[in-house]
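Peer 1: Structure incoming, see below.
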Amino acid sequence: MSSPDPQRAGVPSSRLMTVALVGAAVLALAGGGAFYFASQKAARPVEAGAIAVRVGAKSCEPMDLTVPAGRNVFEIENASDRPIEWEILDGVMVVEERENIAPGFKSQLTARLKPGTYDITCGLLSNPRGKLTVTASAHSEAERAKPPLKAFIGPLSEYKVYLALQSGQMSQATQALATAVDSGDLAAARTAYAAARIAYRHVEAVSGRIADIENAIDPIAAYLAGREQDPAFTGFHRIEFGLWHENSAAGLKPVADKLAADAAALRDRLKALKFEPADLAGNASREARRLAEGPIVSGDSLYAGDDLSEFAAAVDGLEKPVSLLLPLAGEASPDTAKAVTDAFAATRAEIGKLGGPGSAPVAYSEVPPDARKALAAAFVALADAVDRINPALGLE
Amino acid sequence: MRISSFASASALALILSSGAFAQEASLDLVEPIADYKIYVSENVAKLVEDTTAFVAAVKAGEVDKAKELFAPTRISYEAIEPIAELFSDLDVAIDSRADDYEKAEADPEFPGFHRIEYGLWEKNSTEGLEPVADKLLADVKELEGRIASLTFPPEKVVGGAAVLMEEVAATKISGEEDRYSHTDLWDFRGNFDGARKIVELVRPLIADKEADFLKTVDANFDTVDTTLAKYKDGDGYVTYDKLTEDDRKVLAAAVNTLAEDLSTLRGKLGLD
């Protein structure tokens, strides 16, 4: 691998040449090893149609460029007397960059650009920046309407990070809950319970679909033959029943220990899950409808009564995966993106209406059926809006 | 094949891409990219923690302690440079060099780690560094927040392995990065660790098809490790001027080969 091979054509070798050229300059200065790089200099490939940019002491030449969307190759010449870095910027974000181009040297940079307006840097940080306008092409228009699979890798990864962080917090909070229950500290147990529930609501769009764990963690008494006395009444609500209804942590230790173990198992199961692009909006919409049909109508936290803060947390959990698609949806269908954003705002406003004066949460038992119905309708409208995303992105 | 409707779009992408190794990007990348974000998040949390202590030493006028903390603090930044560098304003504020400024070291705009490095080593003093130190801490905290809300672009993550090696080759092997403190070997450690992490994360995706490639890459990383190990000093490294000319050549050759080889990684994973 130590001998240069100009036959490794295309993008990789233009990157290699940059390294080699600059490396050559640097090592020549450093006084060693230059022969290795010099031997590569001769093999420098010339990319047809490269866009020339000359960077002088004070500015770029030209200062204003227009290129079509897609793959573009730039050839940057450093005509100043200092080493320069050349960057294409989208706001403060670097789209592509080439570092340390030595004075008198040229360097190539390949960038895959979306339509839009970008800045280009021109030498010293104090120098004015140039402008790069990227115009739409047939290919970029096609990708806008139907993003390629790789456009979803980032959003899916980000959602997995979110699930890992939230389920990690849930696991920690359930451990704190078990510790507080064990020491009979009712106040600490209630605090840890609430923290664990918030994290749980954040992941419920996915965790709710893992049936065995869901049945262990979150059964409600109404679905069990023996209600609160049923041996299958376990998990969160069994603990909630003790901490609020019985006003005591007594006898909860085995339940809390089991919950902590199940939460750890949930974290591992979520990590192992694989998602398709359509799952991001799909799971969120399904969960919004489930909340509208059940918990919002009948209440989930019958003993603690803090359903409203849990529903607010649930909205955050629905918004995370959906927000990751909005940049793509905003390109493909601005109307859809706006409808989704508006629906989230409306749902939050509906919860806020029930929140009472100040930030004091209202017990859900105080929320009358009509208000519950209106809240459920907001969640259904949210689901309807979210359901527009997948078709807009060509995912159905 | 996960969703057949993607096949046509991907085929088009393949035709339009000039990469010789181009293939369809797979959702198998989701896992490595997610794990990489967690790695970067842990490193930037460490950077904030270490910078807090470093800045406190600078502000307390403790020159020796600040010198001691300089290199170990930077190592977390160097490991995550492919992501940290995406924020051009913060990269300038945290890690730019005197060359980027009209009046070099004398330029009042010269900020960040290297401005403090210059004061500590060239002037042996923390005089005038207090606002620079405060700004540095604010900037690394801002970086932590921005990373938390960034959806990592897969091509930047996978391409990051090569970017790290190219930077070492192009702008660091000469010893110009930490030109006042000569703590460059610490930075190298961070750069190599960051690059190797990326390779480790995508290894399962290419282990079968690219066994020879991985063997070569591993061998070069091992060469780097062996070479750097000779210069270990406690938890860190001796100054860069202690590096022999022969070892500098060994490192330069390994780094250049790594940069060349790793630049094909994006293409191998369908991300060109």
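Peer 1: For segment A:85-210, what is the per residue volume of the convex hull drawn over the alpha-carbon atoms, in cubic angstrom?
Peer 2: 200 Å³
Peer 1: Taking 37 °C and 0.692 mPa s as the conditions, I'd like the Stokes-Einstein D for chain B in µm²/s, using the Kirkwood hydrodynamic radius from alpha carbon pairs.
Peer 2: Rounded to a whole number, D works out at 166 µm²/s.
Peer 1: Which lysines does B:Lys209 reach when only Cα atoms under 19 Å apart count, and residues fewer than 8 places away in its own chain are ignored?
Peer 2: Partners found: B:Lys268.
Peer 1: B:Leu120: net charge of surrounding residues, Cβ under 12 Å, Lys/Arg +1, Asp/Glu -1, itself excluded?
Peer 2: -3
Peer 1: Oh, and also: Using just the helices of chain A, give the 222 nm mean residue ellipticity in deg cm²/dmol: DSSP H runs with n ≥ 4 each add -39,500 (n - 2.57), and the total is spread over all residues, rounded to 500.
Peer 2: Computed mean residue ellipticity for chain A: -17500 deg cm²/dmol.
Peer 1: Taking the beta-carbon count within 10 Å as an exposure proxy, list B:Asp89, A:Asp279 from fewest neighbours to most.
Peer 2: Taking fewest neighbouring Cβ atoms as first place, the list is B:Asp89, A:Asp279.
Peer 1: Another question, then. For B:Glu122 and B:Lys65, FRET efficiency with R0 = 22 Å and r from the beta-carbon atoms, rounded to 0.05?
Peer 2: So the FRET efficiency works out to roughly 0.80.
Peer 1: Another question, if that's okay. For the protein assembly as shown, what is the percent of antiparallel DSSP beta bridges, rounded to the nearest 5?
Peer 2: 70 percent
Peer 1: Follow-up. Could you calculate the contour length gain from A:Ala211 to A:Gln229, that is, 0.36 nm times the residue separation minus the distance between their Cα atoms, to one decimal place in nm?
Peer 2: Using 0.36 nm per residue and subtracting the Cα-Cα distance, I get 4.3 nm.
Peer 1: For the protein assembly as shown, with equal point scatterers placed on the C-alpha atoms only and solvent neglected, what are the log10 I(q)/I(0) values from the Debye formula at q = 0.06, 0.09, 0.12 1/Å, to two decimals?
Peer 2: -0.40, -0.86, -1.29
Peer 1: Tell me the mean residue ellipticity at 222 nm calculated for chain B from its helices only (DSSP H runs of n ≥ 4, each -39500 (n - 2.57), averaged over every residue, nearest 500).
Peer 2: Values: 12 runs with 174 residues, N = 272.
That comes out to -21000 deg cm²/dmol.
Peer 1: Put a dot 7 Å past each Cα toward the Cβ at B:Lys135 and A:Glu246; how far apart are the dots in nm?
Peer 2: 6.2 nm
Peer 1: Still on this model: Step by step: find N for segment A:276-396, compute 2.2 N^0.38 Å, then divide the Cα radius of gyration by it. What's the final number?
Peer 2: 1.09
Peer 1: Relative to the present Cα-Cα distance, how much length would full extension add between A:Leu273 and A:Asp64 at 0.36 nm per residue of separation? Kindly include the intermediate steps, with their values, before the conclusion.
Peer 2: Working: separation 209, 0.36 × 209 = 75.24 nm, distance 4.71 nm.
Taking 0.36 nm per residue and subtracting the Cα distance, the gain is 70.5 nm.
Peer 1: Based on alpha-carbon centroids, what's the gap between segment A:71-90 and segment A:91-165 in Å, whole number please?
Peer 2: 14 Å
Peer 1: How far is it, in nm, from the label point at A:Val297 to the one at B:Glu144 when both lie 7 Å from their Cα along the line to the Cβ?
Peer 2: Placing both labels 7 Å along Cα→Cβ, they lie 4.6 nm apart.
Peer 1: Assuming a viscosity of 1.306 mPa s and a temperature of 10 °C, what translational diffusion coefficient in µm² per second does Stokes-Einstein assign to segment A:51-145, Rh being the Kirkwood radius over Cα pairs?
Peer 2: D = 118 µm²/s.
Peer 1: To the nearest 20 debye, what charge dipole does chain B have about its Cα centre, counting +1 at the Cβ of each Lys and Arg and -1 at the Cβ of each Asp and Glu?
Peer 2: 580 debye
Peer 1: Mind scanning B:Lys172/B:Lys197; B:Lys172/B:Lys249; B:Lys59/B:Lys123; B:Lys37/B:Lys232; A:Lys114/A:Lys150; B:Lys46/B:Lys197 and naming the pairs with a C-alpha gap bigger than 23 Å? Don't skip to the answer; put the middle values down first.
Peer 2: Details: B:Lys172/B:Lys197 20 Å; B:Lys172/B:Lys249 13 Å; B:Lys59/B:Lys123 15 Å; B:Lys37/B:Lys232 29 Å; A:Lys114/A:Lys150 15 Å; B:Lys46/B:Lys197 17 Å.
Listed pairs above 23 Å: B:Lys37/B:Lys232.
Peer 1: Name the residues of segment B:172-191 whose amide N is less than 17 Å from a point 7 angstrom out from the Cα of B:Lys249 along the C-beta direction?
Peer 2: B:174
Peer 1: Now for a separate question. Please give me the summed charge of the neighbours of B:Ala133: other residues whose Cβ is under 10 Å from its Cβ, Lys and Arg +1, Asp and Glu -1. Write down the numbers at each step before the final one.
Peer 2: Values: positive: B:Lys59, B:Arg115, B:Lys135; negative: B:Glu130, B:Asp134.
So the surrounding residues net to +1.
Peer 1: Quote the charge dipole size of segment A:310-380 about the Cα centre in Debye, to the nearest 20; the model charges only the Cβ of Lys and Arg (+1) and of Asp and Glu (-1).
Peer 2: Value, rounded to 20: 100 debye.
Peer 1: Roughly how many debye, to the nearest 20, is the charge dipole of segment A:156-274 about its Cα centre, given +1 on each Lys and Arg Cβ, -1 on each Asp and Glu Cβ, and no other charges?
Peer 2: Taking the Cα centre of segment A:156-274 as origin, the dipole is about 360 debye.
Peer 1: What residues of segment A:278-303 lie in the reach of a label at A:Asp370, counting those whose backbone N is under 19 Å from a point 7 Å from the Cα along Cα→Cβ?
Peer 2: A:297-298
Peer 1: Further, regarding this structure: With N residues in chain A, what two-decimal value do you get for its Cα radius of gyration over 2.2 N^0.38 Å? Kindly include the intermediate steps, with their values, before the conclusion.
Peer 2: Details: Rg = 28.9 Å, N = 396, 2.2 N^0.38 = 21.4 Å.
Ratio of Rg to 2.2 N^0.38 Å for chain A: 1.35.
Peer 1: Turning to a different aspect of this structure: Taking Cα pairs under 8 Å and at least six residues apart, what relative contact order does chain A come out at, in percent?
Peer 2: In percent, rounded to a whole number, it is 13.
Peer 1: Next question, about the same structure. Report the Cα centroid-to-centroid distance between segment A:186-253 and segment B:39-73 in angstrom, as an integer.
Peer 2: Cα centres, segment A:186-253 to segment B:39-73: 43 Å.
Peer 1: Going toward the positive end of the dipole of the protein assembly as shown, with +1 on Lys and Arg Cβ and -1 on Asp and Glu Cβ, which of A:Gln169, B:Phe87, A:Thr117 do you reach last?
Peer 2: The listed residue farthest towards the positive side: A:Thr117.
Peer 1: Taking every pair of Cα atoms in segment B:117-156, average 1/r, invert it to obtain the Kirkwood radius, and report Rg/Rh to two decimals.
Peer 2: 1.25
Peer 1: Excluding B:Ala66 itself, what net charge comes from residues whose Cβ is under 15 Å from its Cβ, given Lys and Arg +1 and Asp and Glu -1?
Peer 2: Charge balance in the 15 Å sphere: -4.
Peer 1: Same structure, new question: Over the whole of B:252-264, what's the average partner chain Cβ count within 10 Å per residue? Rounded to a whole number, please.
Peer 2: 6
Peer 1: May I ask which residue of A:Gly294, A:Ala345, A:Val315 lies farthest towards the positive end of the charge dipole of segment A:290-363, with charges of +1 (Lys, Arg) and -1 (Asp, Glu) on Cβ and the Cα centre as origin?
Peer 2: The residue sitting farthest along the positive end of the dipole is A:Ala345.
Peer 1: Could you tell me the distance between the Cα centroids of segment A:273-319 and segment B:138-155, to the nearest Å?
Peer 2: The distance from the Cα centre of segment A:273-319 to that of segment B:138-155 comes to 28 Å.
Peer 1: A follow-up question, please. Which lysines have a Cα lying under 19 Å from the Cα of A:Lys58, excluding residues fewer than 8 positions away in the same chain?
Peer 2: Leaving aside lysines fewer than 8 places away in the same chain, those within reach of A:Lys58 are A:Lys106, A:Lys131, B:Lys103.
Peer 1: Hydropathy at least 0.5 by Kyte-Doolittle, axial extent at least 20 angstrom from the Cα trace: which helices of chain A, defined as entire DSSP H runs, fit?
Peer 2: A:11-30, A:307-332, A:369-386
Peer 1: Still on this structure, please answer the following. Quick one: 3J(HN,Hα) in Hz for segment B:139-144, Karplus 6.51/-1.76/1.60 with θ = phi - 60°, rounded, Gly and Pro as x.
Peer 2: Going residue by residue, I get 5, 5, 5, 4, 4, 4 Hz, with x marking Gly and Pro.
Peer 1: Which listed residue (A:Val206, A:Ala221, A:Ala194) has the Cα farthest towards the positive end of the charge dipole for chain A, taking +1 on Lys and Arg C-beta and -1 on Asp and Glu C-beta about the Cα centre?
Peer 2: Result: A:Val206, furthest along the dipole toward the positive end.
Peer 1: How large is the Rg to Rh ratio of segment A:156-274 when both quantities use alpha carbon positions and Rh follows Kirkwood?
Peer 2: 0.98
The numbers here are math on the coordinates, done by the rules we state, and not lab data. As the structure is a prediction and not an experimental result, all values here were calculated from the model. With ideal geometry, Cβ positions are generated from the backbone for all residues, glycine too; neighbour counts draw on all protein chains shown.
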